[in-house]
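Here is the structure we will look at, set down as C-alpha cells.
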C-alpha cells in the first residue's frame, strides 16, 4: 500500500512538473515554420472561451464565458454570454459593440490600445505571432505545449500589458490558452475549447 | 367666438394652472442623533459586491464591471472592462479616496472625484451624522444633512431603504442617486448623475 501511495505521489508530481517544465525551444526555425504553416492554412475559427480576470488589489477573479468567431483576414466576433451579454465585432477596421442592447461603433484606427489588442488577438488565433516587430518574442516548450512569450516593445502597450503567454497545443498547433500579465500582478487568462477550424461562417455573424 | 369669452377662457385656464395646485410644503423636524437610515450598499467586512456598469462622461462611454470590497477600515473599488482591461483601482474611506492605479486616458481629477464621491454616498452610513432634519411626504421619509465640506444631502427613504439621494454644493453641482432593491439587501441597480461634469453611471448587480 505504501508503495502504491509513493508511486501515486511520484506520478502526480511528474504530471504537475511536466505541465510547468518549459524549456527554450532549440530549433526555433522549425517550430516557427510549423506555426507559420498552420497560420496559412487557417481561414476560419469558431470556439468557446472561458475568461478569468484576476485583480490583485481586490484579490478577486472575475469569470466570464462566451463564443468567438474569426475569419481571415481581419473579421472577429467576441461574444460574452455569461454573466452578461456583451458583443465586440471587428470588421473592415470598424468596431461595433453591443452592451445589453446598447450599440456603439468606432474606427479601430482611432484607438491605439484597441488596435494593438485586436492585432494580438487576431495574430494569436491565427498563430501569426513569431514575426511581430512590436514584441520581444521567446519560444518555449514542454510535452504538451509550445509557449510563446511576448514582451511589448512599445511604451504605450507595456503600460497595459507586461507580458503575454500563448500556449499552442503541440499536436494540433492551435492556440489553447492565453495569459496576459499586467504590470501590477493582475492577469487575464483565456482558455479556448470546442474549436471548429475552417468551417464556413455566415457573414451576418460579423455585424450586429 | 367674440374676443371677450376667449380672453376669459385663457385667463381662467392660466388661473387654474397657477393657483389650483397648492404647494406641499415640507415640515422639517430635527432629529438627534443622526437619521435612522443605513448605507444603501451594505457589505460585511471581507464581502464584495459586483456590478455591471456603464459610465458616460462628456460623450465618452466606458463599460465594464465594478468590484467593491469592504476591506475593514476602508473600501477597495476596481473598475475593469468586460475584456479584462483595467480602468482604475481606488481606496475609499470616509475622509476621501486614493487612486492606486488609473488608465492614462481617464486619469482626470474631476472625473475621479465624482466617481469617488458617488461611491461614498452608497457606502457611507449617514446615521453617523448628528443633527439631521427629516420630513415626510407620501410614502417617503426625507432626511437632510450637511457635510463639513459644504455639501447638502437629502435621503429619500421608503420602507427603511434609501431609494434616492440628492446632493448639492453649488446650484449646478448636483449628484443624484437612484437605487432599486428587488427585495434584497443590496441595490439591484443604481444610477448616478453628476451634472457638473455630465457624468452618468448605471450599475446593475451581477
Selection from the range A:154-184 of residues more than 11 Å from chain B (Cβ to nearest Cβ) and assigned to a loop (DSSP other than H, G, I, E, B) yields A:154, A:162, A:170, A:171, A:172, A:173, A:174
Taking strands (runs of 3 or more DSSP E) that fall entirely within the range A:16-114, which contain at least 2 residues that are away from every other protein chain (no Cβ under 14 Å) and either at pLDDT 85 or above or in contact with a strand residue (DSSP E or B) (Cβ under 9 Å, 6 or more places away or on another chain) (or both)?
-> A:44-55, A:60-71
Say whether the condition of being touching a residue at least 60 places away in the same chain (Cβ under 8 Å), within 22 Å of residue A:53 (Cβ to Cβ) and buried (at least 18 other Cβ atoms within 10 Å of the Cβ) is met by at least one residue in the range A:149-165.
-> no
Strands (runs of 3 or more DSSP E) contained entirely in the range B:62-167, each with at least 3 residues that are away from chain A (no Cβ under 14 Å) and at negative phi | B:132-137, B:140-146, B:152-158
Selected residue [at pLDDT below 70 and surrounded by 10 or more Cβ atoms within 10 Å (Cβ to Cβ)] from B:96, B:34 | B:34
Could you tell me whether residue B:123 is closer than 26 Å to residue B:59 by Cβ, at pLDDT 85 or above and buried (at least 19 other Cβ atoms within 10 Å of the Cβ)?
-> no
Name the one entry in B:115, B:106 that is within 16 Å of the chain's Cα centre (by Cα), touching a residue at least 24 places away in the same chain (Cβ under 8 Å) and under 28 Å from residue A:157 (Cα atoms).
-> B:115
Take the range B:50-61 and flag every residue that is within 12 Å of residue B:79 (Cα to Cα) and within 11 Å of chain A (Cβ to nearest Cβ).
-> B:50, B:51, B:52, B:53, B:54
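The values are calculated or read from the model by the stated rules, or taken from the named source; none is laboratory data. Since the structure is predicted, the reported quantities are computational estimates derived from the model, not experimental observations. Counting neighbours? That spans all protein chains shown, and the Cβs are built from the backbone with ideal geometry, glycine included.
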